[in-house]
Structures are given as structure tokens and as C-alpha cells.
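The block underneath contains the structure these notes are about, expressed in C-alpha cells.
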Amino acid sequence: MTFPETDRERAWTALVAVAVAALAAGSLLFPDTVYGGFVWHYFWGPVVADANGAHCAAWNGGAVELLYDAGACSAAAEPVAYPGYTLVSEVGYAVTLLVSLVGVTFLLDNLEVGEDLDMLYALFPFVLLGGALRVVEDANDAAAAAPGVEQFLSFPANTLIISPIIYFVMFAITLVALVACVALARRTDAVDGYLRPLAGTGTALLLATVGFLVYLAVSTDYVSLLPQFTLLTLLFATIITAGVWYVVRRRLPEVASGTEFAGAVVLWGHAVDGVANVIGLDWADELGLPYDLVPKHPVNAAVVDITQDVLPASVIHYTGDAWPFLVLKVVAALFVLWLFDARLREDAPRYFTLMLVAVLAVGLGPGSRDMLRATFGI
């Protein structure tokens, strides 16, 4: 399929090309400053450390050194990259996401699909798939930590399901599935018939991924099966969403004016993230895990730290210290949904849909990972 390029598309292409060229040129001309101090430090270095099970990775003038001791990491010369996210990397991912969504909007314009919110429901399984694939990597790490067990994915193959690489992998999988389903629908003269095959493709991939985790749970000692975590997360997230959305529809109708039921789905996705964090960080031990989980994102960790500073230990003993994150997720989701009003939907329906999918993914992606990570004891 070929499409005539518009001025907006040319401008977007030029902007992306200039940004990539500047980053590439800076990395070649100033490898220690631009590549080592920025690209490697905040984006690729954490992946390398995570994929190799290291406590950190030190740039060391380009001769990257993997370190497995906290003391050695503290003594190493900067830049030093640790597994996980930083505020810099999360901002970088957010900017990349927004730029990518503009490009996908141009594609949807040319394909003449995605004008209504039905696409959000079709892409829903792909959001869950991203979280499930991250749990496969968690299982891979658990295999490496188990005595006498080899990882089923070794470096560099395992980097494909580690952030930020997994974002690009999921983006590519979803985009290929979308284009293929649209092409298939048009061959059968059913232009609107691409949504069911798209949802079916995502569902099949999701079931295969979760099925693999279940297989590991019943065939290995380093993965277990604790379904109470999934059941409780989904139950409480649904109850919270139903209650909040009931109030919103009656007292704050402007919040739901542009999204209708899709807004409740987005709110539910963020409630899953909040509840999964509360259960995993505060109550995992009581529900069957040998220890409580630790936060994987800077925001989660910051909320826990602030709660510990503000509330006395005697209160935290009964309430836990992660519950403010759930409140924050619900409030933030409602604020974003309020921005997605009917006028925005009318002016740019395809971008509106894609942005709403992105907002859902920001909540449900990490939320499903935390939920499944606890469910499979990893």
C-alpha cells in the first residue's frame, strides 16, 4: 500500500530524521559524553545490567564492566547504570511515545481506520501482552538465580523483553498485526472487519504467553502459581472503578464526556496498576509469597518513601505504605480523562483514540506485570 505524503507528514519525518541524526552524530563525535553519559547511561546500560543479572554496569570509558556488588557499584566511576527506570529514561520514553503516536496517526489516516474507540478494545489484549512478556523476563531472571538451572533466554536475546527494548518490540508486533488485519479485511471487502482479527491475534499471543508461564509454574521450582494475587487485584480494581465511575457519571459528567465507557476501561487499567502495587508491596507476604515485592518505577518508590516519612510506623503497620499510589493513579487517570473531552475527539478522532490507548497502556501495562509477577511468585 502506498499513500501520498502530506506536508505534515514530511515535517514529522524531517523532525525525526534530524533528531536521530543529531543523536547519532553526537554519539560518534563525543562517545563518552553523548553516548556513554546519556544514551548508554539512561537507556541501554540498564538493559545490559538487567539482562546479565548484574547489580549495575559501569561505562568505564567504553569498556563496560558488569558489577555484582553494591559496594563496587558505589565505588565505580560514573556513568554507572542500574537495572530499572530513572526519571530521565521515563521522560525519554514518554517523548518517544508521543512522537511515535503522531506517526501512527498518519498511518491510520492513510489506512482510513481508527476513527472510533472500538480500536481501543481491539488493542486491549496487546496491552496485557506487554506486561505478560515482562513477566517472562522475570521468570528468566528467576531461572538464572536458581541453583543448577540455566536461563531459557540468554543475553542478548533476553533484551528483547526488557525495557525499553520491549516497547519497540510491542510497537512492532502491534503495528504489523494492525496492518495485516486491515489488509486481510480489505481483501474480503469488509473494511470494518479488521477489529475482530486484531483482537483475536492479541488474545492468542497473550494466552500463549500466560500459558508458557503456567507451564513453568507446574514444571519448575523457580516459578510458582498463586492465583489469589490476580483474583484479588482484578476484584478490587473492578470494585474501585465501578464506584468511582458511578460518582463521575453523576457528579462530574464532564470527565466522561469524551470517552464514555472507554474512560471506565482506562480508569480500570490504572486501578489495576494501583491495586497490584498495594497488594504486591504491602501484602504479598501475607498472601503466600516469602517476601513483599519492591517497586520497579521511580514514582512508585517515591510515593512509598514519602508515605514512610509522613506516617508513623504504627499506622503503616496496619495500612501499608503503598496505598497513596493507588489514590494517585485514580486521580491522575480522572484528570487525563477530563482532558479528553468531546471537542478533542471531534477535532482529531484517530489521535484521540491512539492517545487513549497510550494512557491505558501506561497503567495496565506495568499493572499487569506487577499482578502476574506476584501471581507467579517472581
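Looking across segment 320-340, the residues that are of a type in the set (A, V, I, L, M) and out of contact with any Gly (no Cβ under 6 Å at 6 or more places or on another chain) come down to A322, V327, L328, V330, V331, A332, A333, L334, V336, L339.
Could you tell me whether segment 309-321 includes any residue that is open to solvent by less than 30 Å² (accessible area, probe 1.4 Å) and closer than 20 Å to V91 by Cβ? No, every residue in segment 309-321 fails to be open to solvent by less than 30 Å² (accessible area, probe 1.4 Å) and closer than 20 Å to V91 by Cβ. The criterion of being at pLDDT 90 or above, surrounded by fewer than 19 Cβ atoms within 10 Å (Cβ to Cβ) and among the aromatic types (F, W, Y) holds for F335. Restricting V244, V248, V223 to those that are hydrophobic (A, V, I, L, M, F, W, C), surrounded by 16 or more Cβ atoms within 10 Å (Cβ to Cβ) and not in a helix (DSSP H, G or I) reduces the list to V223.
Listed here are the residues, each with its yes/no results for (1) under 25 Å from L123 (Cβ atoms); (2) open to solvent by less than 60 Å² (accessible area, probe 1.4 Å); (3) not in a helix (DSSP H, G or I).
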| site | (1), (2), (3) |
| --- | --- |
| D141 | no, yes, no |
| E150 | no, no, yes |
| N158 | no, yes, no |
| Y167 | yes, no, no |
| L175 | yes, yes, no |
| V179 | yes, yes, no |
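One line per residue, one yes/no per condition, for (1) in a helix (DSSP H, G or I); (2) within 18 Å of the chain's Cα centre (by Cα):
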position: L287; (1), (2): no, no
position: A302; (1), (2): yes, no
position: H317; (1), (2): yes, no
position: V327; (1), (2): yes, no
position: V330; (1), (2): yes, yes
position: W338; (1), (2): yes, no
position: R343; (1), (2): yes, no
position: E346; (1), (2): yes, no
position: L356; (1), (2): yes, yes
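Apart from one condition, C73 fits all of (1) within 21 Å of L360 (Cβ to Cβ); (2) open to solvent by less than 20 Å² (accessible area, probe 1.4 Å); the exception is (1). In segment 105-123, the residues that are at positive phi reach residues that are modelled with pLDDT of 85 or more and of a type in the set (S, T, N, Q) with C-beta atoms within less than 9 angstrom, at least six apart or across chains, in these pairs: G114/T105; G114/T353. Please indicate, with yes or no, whether at least one residue in segment 96-113 is open to solvent by less than 20 Å² (accessible area, probe 1.4 Å) and not in a helix (DSSP H, G or I). Yes, that holds for at least one residue. The residue pairs whose first member lies in segment 16-42 and is touching a residue at least 24 places away in the same chain (Cβ under 8 Å) and farther than 23 Å from Y82 by Cα, whose second member is in a helix (DSSP H, G or I) and of a type in the set (A, V, I, L, M, F, W, C), and whose beta carbons are closer than 8 Å, counting only pairs six or more residues apart or on different chains, are V16/V99. With respect to the conditions (1) without any contact (Cβ under 8 Å) to a residue 60 or more places away in the chain; (2) more than 24 Å from V39 (Cα to Cα), E65 lacks only one, and its number is (2).
Being surrounded by 17 or more Cβ atoms within 10 Å (Cβ to Cβ) and under 30 Å from D341 (Cβ atoms) is true of V255.
So that you can scan it fast, the table gives a plain yes or no per residue for (1) without any contact (Cβ under 8 Å) to a residue 24 or more places away in the chain; (2) within 21 Å of I240 (Cα to Cα):
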{"site": "L281", "(1), (2)": "no, yes"}
{"site": "G288", "(1), (2)": "no, no"}
{"site": "V294", "(1), (2)": "yes, no"}
{"site": "A313", "(1), (2)": "yes, no"}
{"site": "D321", "(1), (2)": "no, yes"}
{"site": "K329", "(1), (2)": "no, yes"}
{"site": "T353", "(1), (2)": "no, no"}
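In the set (1) open to solvent by 20 Å² or more (accessible area, probe 1.4 Å); (2) in a helix (DSSP H, G or I); (3) farther than 26 Å from Y222 by Cβ, L128 fails one condition alone, (3).
Would you check if P197 is open to solvent by 40 Å² or more (accessible area, probe 1.4 Å), farther than 24 Å from V39 by Cα and not in a helix (DSSP H, G or I)? No, not satisfied.
The values are calculated or read from the model by the stated rules, or taken from the named source; none is laboratory data. The structure displayed is predicted, hence computed values, not measured ones. Positions of Cβ are backbone-derived with ideal geometry, glycine not excepted, and every protein chain shown enters the neighbour counts. Side chains included, ligands, DNA and RNA excluded: accessible areas come from the protein's heavy atoms. Shrake-Rupley method; radii C 1.70, N 1.55, O 1.52, S 1.80 Å.
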